[in-house]
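One structure is given below, encoded as structure tokens.
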Amino acid sequence: MPVVRIGPYTLPNPLILAPMAGVTDQPFRQLCRKLGAGMVVSEMVTSDVRLWNSRKSSLRMIHTGDPEPRSVQIAGGDPEMLAEAARRNVEMGAQIIDINMGCPAKKVCNKAAGSALMKDEELVSAILDAVVKAVDVPVTLKIRTGWDRSNKNGITVAKIAEQAGISALAVHGRTRADLYTGEAEYDTIAAIKQAVTIPVFANGDIDSPHKAKAVLDATGADALLIGRAAQGRPWIFREIAHYLATGKELPAPTLYEVERILLEHLAALHAFYGDVMGVRIARKHVGWYLATLPGAREFRAEFNRLDATDAQCTQVRQLFAEQHNKGEGAAA
């Protein structure tokens, strides 16, 4: 497996949990790291420090106990605000600052942030210069291949990033206009890897050990960012790491192990968010874990009506007890 360095940090393997708003909170980050991720990145935090007093933002900035290196993603469109946000996050324990120029969400792009920034290369340069100069930790950048298929300027932006002193570049193999539709393409990532000397991380549709190996081979990337495929399947990191190291596939986790991981995740969510918010956030994670189990839809409808932590844990145990009694062995 390739050795990946970001500034002074050497990652244990080239598999990185991609930042996902509403998903990569501290409980999920710590779980993915435990199950084989080489690095995890926090949820996107707004660069407008005036909004940091909200409950949502304050929870996103808790990094105590996170494994090193602690990478925090910031988003915005104003160079000075992003620089200030970077400084403040470093003061709170961030060891790597990641700048978001990859998010395609309308509410982000409409504020001239996320992948909308790729339309304005001068602004990209100003932002990267400001943030790199503001902090003494490595700064990384997440981009897409371009704004739309007629405007794939990923190589140009990558060169701007290298010139500005960005330590590593993650590239999602879609344009902003593609959102998450269709299939990611990797030729542009390969071309970007050839065009710069900084580490390049490939992202997009990496959902199995075989796909991970194929993307590394196709792009020459230094590492892989894995996002949606880890939802409800955090063990994907150890599966890919094992395959890249040995060429052999790990057996799927047993239902007993899935039950243990899920209950551990539920307990961490309840402890981190408190009873009310923890119960709500647990619903989507449980849905992802159980998506392939027989009767998952009916179970989810019932589970989503529960409003107590104990009831959620009891219901999950009952579901798995039924699966064990049916002789179900491994998770899909």
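The values are calculated or read from the model by the stated rules, or taken from the named source; none is laboratory data. In this text the structure is predicted, and so the values were computed from the model without any measurement. Neighbour counts are summed over all protein chains in view; Cβ atoms, including those assigned to glycine, are modelled from backbone coordinates with ideal geometry. Side chains are part of the model used for accessible areas, which takes the heavy atoms of the whole protein and leaves out ligands, DNA and RNA. Shrake-Rupley method; radii C 1.70, N 1.55, O 1.52, S 1.80 Å.
Hey, any hits in region 292-313 for a residue that's in a loop (DSSP other than H, G, I, E, B), within 21 Å of the chain's Cα centre (by Cα) and either within 20 Å of L59 (Cβ to Cβ) or modelled with pLDDT of 95 or more (or both)? Steps first, please.
Kept after step one, since they are in a loop (DSSP other than H, G, I, E, B), are these residues of region 292-313: 292-295, 304-308.
From the residues that got through so far, the ones that are within 21 Å of the chain's Cα centre (by Cα) too are none.
Taking every residue of region 292-313 in turn, none turns out to be in a loop (DSSP other than H, G, I, E, B), within 21 Å of the chain's Cα centre (by Cα) and either within 20 Å of L59 (Cβ to Cβ) or modelled with pLDDT of 95 or more (or both).
Need pairs with beta-carbon distance below 7 Å; first residue touching a residue at least 60 places away in the same chain (Cβ under 8 Å) and within region 248-267, second acidic (D, E) and outside any helix (DSSP H, G or I); sequence gap 6+ or separate chains.
Close Cβ pairs (under 7 Å, with a partner that is acidic (D, E) and outside any helix (DSSP H, G or I)) amount to L255/E328.
If I filter region 4-28 down to residues being open to solvent by 10 Å² or more (accessible area, probe 1.4 Å) and in a helix (DSSP H, G or I), which single residue comes out as farthest from A271 (Cα to Cα)?
Here the answer is Q26.
Would you check if there is a residue in region 92-102 being in the same structural domain as I160 (by the TED database), in a helix (DSSP H, G or I) and either crowded, with 18+ Cβ neighbours inside 10 Å or at pLDDT 95 or above (or both)? Quick ask: steps written out before the conclusion?
Step one: of region 92-102, the residues in the same structural domain as I160 (by the TED database) are 92-102.
The next check asks that each one be in a helix (DSSP H, G or I); those that pass are none.
Checked against the condition, which is being in the same structural domain as I160 (by the TED database), in a helix (DSSP H, G or I) and either crowded, with 18+ Cβ neighbours inside 10 Å or at pLDDT 95 or above (or both), region 92-102 yields no hits at all.
Here is a list of conditions, (1) in contact with a Gly (Cβ under 6 Å, 6 or more places away or on another chain); (2) at pLDDT below 95; (3) in a helix (DSSP H, G or I), and V132 meets all of them except one; can you say which number that is?
Just one mismatch for V132, condition (2).
Checking V215 against (1) assigned to a helix (DSSP H, G or I); (2) buried (at least 18 other Cβ atoms within 10 Å of the Cβ); (3) touching a helix residue (DSSP H, G or I) at 6+ places or on another chain (Cβ under 7 Å); (4) aliphatic (A, V, I, L, M), which test does it fail?
(3)
What pairs come out if I take residues in region 268-280 that are open to solvent by less than 90 Å² (accessible area, probe 1.4 Å) and pair them with residues that are not in a helix (DSSP H, G or I) whose C-beta lies under 9 Å away, six or more apart or interchain?
Hits for this filter: L269/D25; F272/D25; F272/I62; Y273/D25; V279/L306; V279/D307; V279/A308.
Go through the residues of region 259-266 one by one and say whether even a single one is open to solvent by 40 Å² or more (accessible area, probe 1.4 Å), outside any helix (DSSP H, G or I) and closer than 20 Å to F28 by Cα. Write out each step before concluding.
Step one: list which residues in region 259-266 are open to solvent by 40 Å² or more (accessible area, probe 1.4 Å), which gives 260, 264.
Narrowing the set further to residues that are outside any helix (DSSP H, G or I) leaves none.
No, there is no match, as no residue in region 259-266 is open to solvent by 40 Å² or more (accessible area, probe 1.4 Å), outside any helix (DSSP H, G or I) and closer than 20 Å to F28 by Cα.
Can you tell me which of (1) open to solvent by less than 30 Å² (accessible area, probe 1.4 Å); (2) assigned to a loop (DSSP other than H, G, I, E, B); (3) within 30 Å of A282 (Cα to Cα) is the one I166 doesn't meet?
The failed condition is (3).
If you go through region 227-247, how many residues are open to solvent by 10 Å² or more (accessible area, probe 1.4 Å) and aliphatic (A, V, I, L, M)?
Qualifying residue count, region 227-247: 4.
Going through R280, R233 one at a time, which residue ends up being in a helix (DSSP H, G or I) and at pLDDT 95 or above? Before the answer, list the steps.
On the way: R233 fails: in a helix (DSSP H, G or I).
Only one candidate qualifies: R280.
Select from region 171-180 the residues that are touching a Ser or Thr at 6+ places or on another chain (Cβ under 7 Å) and open to solvent by 10 Å² or more (accessible area, probe 1.4 Å) and list them in ascending order. Steps first, answer last, please.
The first filter runs over region 171-180 and keeps only residues touching a Ser or Thr at 6+ places or on another chain (Cβ under 7 Å), leaving 171, 173-176.
Selection gives R176 alone.
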